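Below: the structure, in structure tokens.
The values are calculated or read from the model by the stated rules, or taken from the named source; none is laboratory data. These numbers come from a predicted model, not from an experiment. For neighbour counting, all protein chains shown are included, and Cβ atoms are generated from backbone atoms with ideal geometry for every residue, glycine included.
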Amino acid sequence: MMLALYILLLVLVFAFGAIFGSFLNVVIYRLPKKEDFIKGSSYCPNCKHKLMPLDLVPILSYLLLRRKCRYCKDPISPRYMLVETVAGFLAVASYLAFLPPAGFLLEVSATQVFFITAKEAGLIAAWLPFDLPAYGVALGSAIMVFALLCLLIVVTVIDADTMEIPNSLSLWIALLGLFALVIGPTSQLPWYDHLIGAVAISVPMFLLAFIIAGSFGLGDVKLMAAAGLFLGWQLVLLAAFIGVLIGGVYGIYLLVTRKKGRKEHFAFGPALCVGIAISVFVGKHIITWYVGFF
């Protein structure tokens, strides 16, 4: 029964993330067009027909409609479903990274929503005692990280489409960075670690952008400044290293396949976003391994 409840919980978390992913698709489409993504109904980009609730069920609508608009039969980009799916998995990853299942099951037992026996609750308590304040902190970390990941998804897709990172997205990440001073996975760091993180990568990138034309865009600089405020200086250094490594490999691939010339630019933001996401989840472990290695 415990395993079934846990699986059900993860399915619900995935659905929650996919719903947010559906909203992210709206932001991705409308933000570059300077359209309001809060108000107004969703519509087909081709025929402009207002979409009904059955057209907007994350993932399922795409599959049930056979990847075509119900009204004009124009093909629907698979990217919509991909964003929803990725958001769902990232919600699950955020939950697994910060919230123990035992804490949830003990809370459920206490409220008697499900029929968990006293013996079962006792076994769980022996495994990992339920601590409500600690659970609240862990929940805050999971929400903070998922919010950051959602913004990174939007940055990734918009930058890949337009070669630009809207300032508003970096500002939202910076706002999360301010909250990270008091709650979240990096809240235990001294406040000056966050401030150093805001300049540790962004300032060198800013200087390189002027010394070497086209090396980095100002959107990349602002993104790393905001991310550094959230992560602190150690994790943002790691995020930048991973991002540069991924971006370099991708750049070599574009050159080898002749999809880009030597003087042509490509979106670097997606690589940086991957580096930031990796640092959030396993950055501390990588740094600990690296320090211990030497």
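So which residues in the stretch 23-59 are part of a helix (DSSP H, G or I), among the aliphatic types (A, V, I, L, M) and in contact (Cβ under 8 Å) with a residue 24 or more places away in the chain, if there are any at all?
Initially, the stretch 23-59 is screened for residues part of a helix (DSSP H, G or I), giving 23-33, 53-55.
Going one step further and asking which of them are among the aliphatic types (A, V, I, L, M), we end up with 24, 26-28, 31, 54.
Answer for the stretch 23-59, where residues must be part of a helix (DSSP H, G or I), among the aliphatic types (A, V, I, L, M) and in contact (Cβ under 8 Å) with a residue 24 or more places away in the chain: LEU24, VAL27, ILE28, LEU31.
Could you grab me the full set of residues in the stretch 178-189 that are crowded, with 22+ Cβ neighbours inside 10 Å and either β-branched (Val, Ile, Thr) or within 20 Å of ALA271 (Cβ to Cβ) (or both)? Reasoning before the result, please.
Kept after step one, since they are crowded, with 22+ Cβ neighbours inside 10 Å, are these residues of the stretch 178-189: 180, 184-186.
The answer is THR186, and nothing else.
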Quick one: which residue in VAL221, VAL244, VAL236 is under 20 Å from LEU181 (Cβ atoms) and out of contact with any Cys (no Cβ under 7 Å at 6 or more places or on another chain)?
VAL236
Restricting attention to the stretch 5-22, which residues are closer than 19 Å to ARG79 by Cα and either without any contact (Cβ under 8 Å) to a residue 12 or more places away in the chain or touching a Gly at 6+ places or on another chain (Cβ under 9 Å) (or both)?
PHE14, ALA15, PHE16, GLY17, ALA18, ILE19, PHE20, GLY21
Restricting attention to helices (runs of 4 or more DSSP H) lying wholly within the stretch 60-159, give those where 1 or more residues are among the charged types (D, E, K, R), crowded, with 18+ Cβ neighbours inside 10 Å and at pLDDT 90 or above.
78-98
Tell me, which residue of the stretch 11-42 that is among the hydroxyl-bearing types (Ser, Thr, Tyr) and surrounded by 14 or more Cβ atoms within 10 Å (Cβ to Cβ) is nearest to VAL145 (Cα to Cα)?
SER22
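Quick grid of which residues meet (1) within 19 Å of VAL157 (Cβ to Cβ); (2) touching a residue at least 60 places away in the same chain (Cβ under 8 Å):
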{"residue": "PRO190", "(1), (2)": "no, no"}
{"residue": "ILE196", "(1), (2)": "no, no"}
{"residue": "ILE201", "(1), (2)": "no, no"}
{"residue": "LYS222", "(1), (2)": "yes, no"}
{"residue": "PHE230", "(1), (2)": "no, yes"}
{"residue": "ALA240", "(1), (2)": "no, no"}
{"residue": "VAL244", "(1), (2)": "no, no"}
{"residue": "ILE278", "(1), (2)": "yes, no"}
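Any residue at all in the stretch 222-231 that's on the phi < 0 side of the Ramachandran plot, among the aromatic types (Phe, Trp, Tyr), in contact with an Asp or Glu (Cβ under 6 Å, 6 or more places away or on another chain) and surrounded by 14 or more Cβ atoms within 10 Å (Cβ to Cβ)? Explain how you work it out, then say what you get.
We begin by selecting, within the stretch 222-231, every residue on the phi < 0 side of the Ramachandran plot; these are 222-231.
Filter once more, keeping what is among the aromatic types (Phe, Trp, Tyr): 230.
Now restrict to residues that are in contact with an Asp or Glu (Cβ under 6 Å, 6 or more places away or on another chain): none.
Scanning the stretch 222-231 turns up no residue that is on the phi < 0 side of the Ramachandran plot, among the aromatic types (Phe, Trp, Tyr), in contact with an Asp or Glu (Cβ under 6 Å, 6 or more places away or on another chain) and surrounded by 14 or more Cβ atoms within 10 Å (Cβ to Cβ).
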Quick one: count up the residues across the stretch 236-294 that are at pLDDT below 90 and crowded, with 21+ Cβ neighbours inside 10 Å.
1
